[in-house]
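Novice: A single structure is presented below for examination.
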Amino acid sequence: MSIRTQQVFLMTALVFGSHAAQAQVNLTEAEQSVVDHYKNMQSMGSEERKTYREQLFSGMSRSEQKSFQEAFKSIRSRLPELLGIEDTATETNKNQASANSGQSVRVPGSGIQYDSGNTTGTAGVASQMVGNRYDTAINTMGTACCSPVETSGTITMATFEMVNTFFGSAVFSVYSNVVGTGAVQVTSMAYPGLMTGLNTITLGGGGTANAYANGSFLAGIWQFDPTMTAIGVDTGTTGGQGHHGISLNDGAMGTMLTNLNSLNAVMRLQGNLVTASVPVELIDFTIEEDQDQ
């Protein structure tokens, strides 16, 4: 092994020594090295990863490159687990992910926020829900827009701004299977103990439905009357994600879905919502035929 490769390996060992100590015992030294390098690249942008792997591979001989590649292939399907990223996809989705080279995994605790944090007023009419259409998000590294929401997923927490509350309560609703101007209700539940300002509720406990399906979904607050119960809206956005505000005639089957142009409801969601990409381009390199280090 060249001096340069030894330096890179040593750097990674120092940074991820604690991870290596907890590595599964059935990993070979070469496989553990692959895992450590992937961990090192998780917080990097694409250009940083490109530079990193170029430095890594330029210090390897041809045989070392091939050994690294074989180690990668042997653990590729286990990388999400070894990197500490849980894949909660259904078996069908897992098979599809495999067909797509296993590059995407669902991330528990991922969040979506469209508003800039500056509530500018209210919107909508009486007896309709006001909220957002959740279809994209900033990637899980918080560096770029936009990653698609998972085709199916779960919502575990919602934080939203109430401008007005009627007797300190509000009805929070989620809609799935959005087609045209209609959608199917997933849950619609009154939450007491709310106040003006930011409120946080949890979903999924006590039999509360919290799983959406078939792509983009809707979540919002039913406004009995905006002068009495109203969620805050924002003309700004976060991370260049644009505006996602909507209103909906709330019911078991939501109707009259309307986009609220230039607005985002101040409602942030958390759960298993966003896809994370494993940087499989680590292994995308060419072994020059005339290389013989």
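Novice: Of all the accessible heavy-atom surface of the stretch 130-196, with the other protein chains kept in place and a 1.4 Å probe, what percent is carbon and sulfur? Present the calculation step by step, with values, prior to reporting the outcome.
Specialist: Details: 1710 of 2870 Å².
Answer for the stretch 130-196: carbon and sulfur cover 59 percent of the accessible area.
Novice: A follow-up question, please. Would you pull out the residues with amide H under 5 Å of residue 219's amide H, same chain only if 5 or more places away, H placed 1.01 Å from N?
Specialist: So residue 219 has HN proximity to 132, 134, 175.
Novice: Based on the Kirkwood radius over alpha-carbon pairs, what is the Stokes-Einstein translational diffusion coefficient of the stretch 165-222 at 4 °C with 1.567 mPa s viscosity, in µm²/s?
Specialist: On the way: Rh = 12.4 Å.
For these conditions, the coefficient is 104 µm²/s.
Novice: Around residue 244, what is the net charge, scoring Lys/Arg as +1 and Asp/Glu as -1 over all other residues with Cβ under 13 Å from its Cβ?
Specialist: Charge balance in the 13 Å sphere: -1.
Novice: Probe of 1.4 angstrom, ligands and nucleic acids ignored: what's the accessible area per residue over the stretch 187-264, in square angstrom? Let's see the in-between values first.
Specialist: Working: 3380 Å² over 78 residues.
Heavy-atom SASA per residue in the stretch 187-264 reads 43 Å².
The values are calculated or read from the model by the stated rules, or taken from the named source; none is laboratory data. Every value quoted in this text rests on a predicted model; they were computed, and no experiment measured them. Cβ sites come from the backbone with ideal geometry, for glycine too, and all protein chains shown count toward neighbours. Heads up: the accessible areas ignore ligands, DNA and RNA and are worked out on the full protein's heavy atoms, side chains in. Shrake-Rupley method; radii C 1.70, N 1.55, O 1.52, S 1.80 Å.
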